Amino acid sequence: MANTQSSVINIFTDLVKIPSPSGKEELVRQYILKKIKKIADYLYIDKAGNVYIKIKGNSSKTLLICAHMDTVKPTGVQNPKIKGEYIHSNGKYVLGADNKAAVAAILSYLLTLDKKSLPVTLEILFTVREETEGGIREFPKEKIKAKQAFVIDISGPMGSVVTKSAYVGGYAVYSKAKGCHVKRINTNTVHPLNLLSQFIKKIPFGRITKDTIVNIAKVRMGESYNSVPELLYFTGEIRSFNQKTYTEFFKKVQKTIKALDERIGTSSKLELYPYCKGYSLKEKDLKTIKKVFRKLKMKLKGVETFGVGDSNILAEWGIKPINISSGALSVHTTKERISKKSLILSQKILEEYINLFDTSS
């Protein structure tokens with residue numbers, strides 16, 4: 001056990017020293033490939049840079065394990081700080097425990113794996129651009145044979161498991177009005193801000209219901225301080241556990257923009273971005289992880305999250321994801337930290353999940 005503990009911690013500290021913002025995962029990919037080249041029975045890297053490996057087990061059961069290689073910004077070369085039980089960022093950059101804690105757990109497990117006793121066939125997918133564009137979508141999904149996946153990609157206390165995840169999608173509006181110099185303003189002048197102000201009345205933002213969040217994220221307008229703007233650009237999104245609400249939202253956005261253009265006199269182009277579908281798990285889907293937690297004397301805490309990622313895309317592909325917490329704290333900030341115990345426990349949970357994996361769930 002001592003070797004296992006030092007392995008996952010050492011691999012994690014190696015990984016967080018390597019900057020890998022979304023779209024620039026090459027150095028982490030090289031690190032992973034050096035670790036797994038002698039282990040994989042099959043290795044494939046797609047054009048986007050997603051890494052897929054397959055390790056044959058002793059049964060027909062197949063399990064997908066997924067983790068992403070990228071992190072949010074700010075990133076840079078850093079030496080993490082170890083203070084007692086916790087590993088911290090250097091205070092200037094994010095630590096990158098999201099998702100390098102998972103990558104470390106997977107690599108450490110594989111390095112101690114006796115392939116002769118592997119009870120299931122493993123498919124392992126290390127993905128790119130999870131934090132920005134969902135680079136997993138560029139992976140040829142037909143390569144994946146597993147119908148269930150194990151993921152370590154949420155923050156919060158150990159034992160947390162995503163039982164419901166939101167539908168997420170966005171939109172962008174490019175609106176044009178007849179701009180002019182301020183000295184030419186008259187009663188017929190059309191200001192594009194009228195469209196945004198009226199839009200907000202029809203499509204309010206904030207926590208709409210307990211199941212739905214609507215947001216306006218970016219607004220760009222204006223060429224100079226002494227003119228009526230000609231162009232307006234704004235974006236927004238919806239996150240909802242309710243599929244009907246999610247679907248109807250985009251219909252309402254389309255209808256509203258069209259009606260406002262006709263009434264105000266603007267001309268708008270609307271782009272819709274349905275990012276990913278939501279999913280919810282049933283009791284039978286939690287069968288294996290409950291066995292694991294019972295064995296490790298842990299309590300399972302079901303989590304409903306508006307956060308989304310590779311798990312949502314896997315669910316969309318028909319692959320049931322079990323997404324658990326890494327135990328990382330203050331994720332996506334320069335105060336990010338994770339305990340050594342959480343890293344060790346993440347690897348242990350992964351190992352036990354593989355050993356106890358039940359395809360009937």
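The values are calculated or read from the model by the stated rules, or taken from the named source; none is laboratory data. Predicted, not measured: the structure shown is a model, and the values here were computed from it. Neighbour counts run over all protein chains shown; Cβ positions are idealised from the backbone, glycine included.
Note on region 311-359: among residues that are part of a helix (DSSP H, G or I) and among the polar types (S, T, N, Q), the one that is farthest from the chain's Cα centre (by Cα) is Asn355.
Residues in region 250-298 that are in contact with a Lys or Arg (Cβ under 8 Å, 6 or more places away or on another chain), in a strand (DSSP E or B) and surrounded by fewer than 17 Cβ atoms within 10 Å (Cβ to Cβ): Ser267, Ser280. Taken as a whole, the condition of being modelled with pLDDT of 95 or more, in contact with a Phe, Trp or Tyr (Cβ under 7 Å, 6 or more places away or on another chain), within 22 Å of Pro321 (Cβ to Cβ) and not assigned by TED's automatic domain parsing to the domain that holds Thr212 does not apply to Thr305. Does Lys92 count as surrounded by fewer than 16 Cβ atoms within 10 Å (Cβ to Cβ), in a loop (DSSP other than H, G, I, E, B) and either touching a residue at least 60 places away in the same chain (Cβ under 8 Å) or charged (D, E, K, R) (or both)? When the stated conditions are applied, Lys92 passes them.
Every residue, every condition in (1) of a type in the set (A, V, I, L, M, F, W, C); (2) more than 21 Å from Ile36 (Cα to Cα); (3) outside any helix (DSSP H, G or I), yes or no:
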| site | (1), (2), (3) |
| --- | --- |
| Ala102 | yes, no, no |
| Leu110 | yes, no, no |
| Leu113 | yes, no, yes |
| Leu122 | yes, no, yes |
| Glu130 | no, yes, yes |
| Arg137 | no, yes, no |
| Ala146 | yes, no, yes |
| Ala149 | yes, no, yes |
| Gly156 | no, yes, yes |
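Contact map, region 218-232: first residue over 18 Å from Gly265 (Cα atoms), second residue among the acidic types (Asp, Glu) and surrounded by 15 or more Cβ atoms within 10 Å (Cβ to Cβ), Cβ cut-off under 8 Å, separation 6 or more or different chains; pairs are Glu223/Glu230. Can you pull out every residue in region 26-40 that is under 23 Å from His88 (Cβ atoms) and touching a residue at least 24 places away in the same chain (Cβ under 8 Å)? The one that is under 23 Å from His88 (Cβ atoms) and touching a residue at least 24 places away in the same chain (Cβ under 8 Å): Val28. Looking only at residues in region 196-249 that are among the hydroxyl-bearing types (Ser, Thr, Tyr) and exposed (fewer than 13 other Cβ atoms within 10 Å of the Cβ), the one that is nearest to Pro274 (Cα to Cα) is Thr209.
Which of the residues spanning region 132-147 are closer than 22 Å to Ile324 by Cα and crowded, with 21+ Cβ neighbours inside 10 Å? Passing the criteria: Gly135, Ile136, Ala146. Of the residues making up region 16-72, those that are basic (Lys, Arg) and touching a helix residue (DSSP H, G or I) at 6+ places or on another chain (Cβ under 6 Å) number 1. If I filter region 82-89 for residues that are surrounded by fewer than 19 Cβ atoms within 10 Å (Cβ to Cβ), without any contact (Cβ under 8 Å) to a residue 24 or more places away in the chain and among the acidic types (Asp, Glu), do I get at least one hit? Within region 82-89, not a single residue is surrounded by fewer than 19 Cβ atoms within 10 Å (Cβ to Cβ), without any contact (Cβ under 8 Å) to a residue 24 or more places away in the chain and among the acidic types (Asp, Glu).
Residues in region 160-218 that are of a type in the set (Val, Ile, Thr) and closer than 30 Å to Ile313 by Cβ: Val161, Val162, Thr163, Val168, Val173, Ile203, Ile208, Thr209, Thr212, Ile213, Val214, Ile216.
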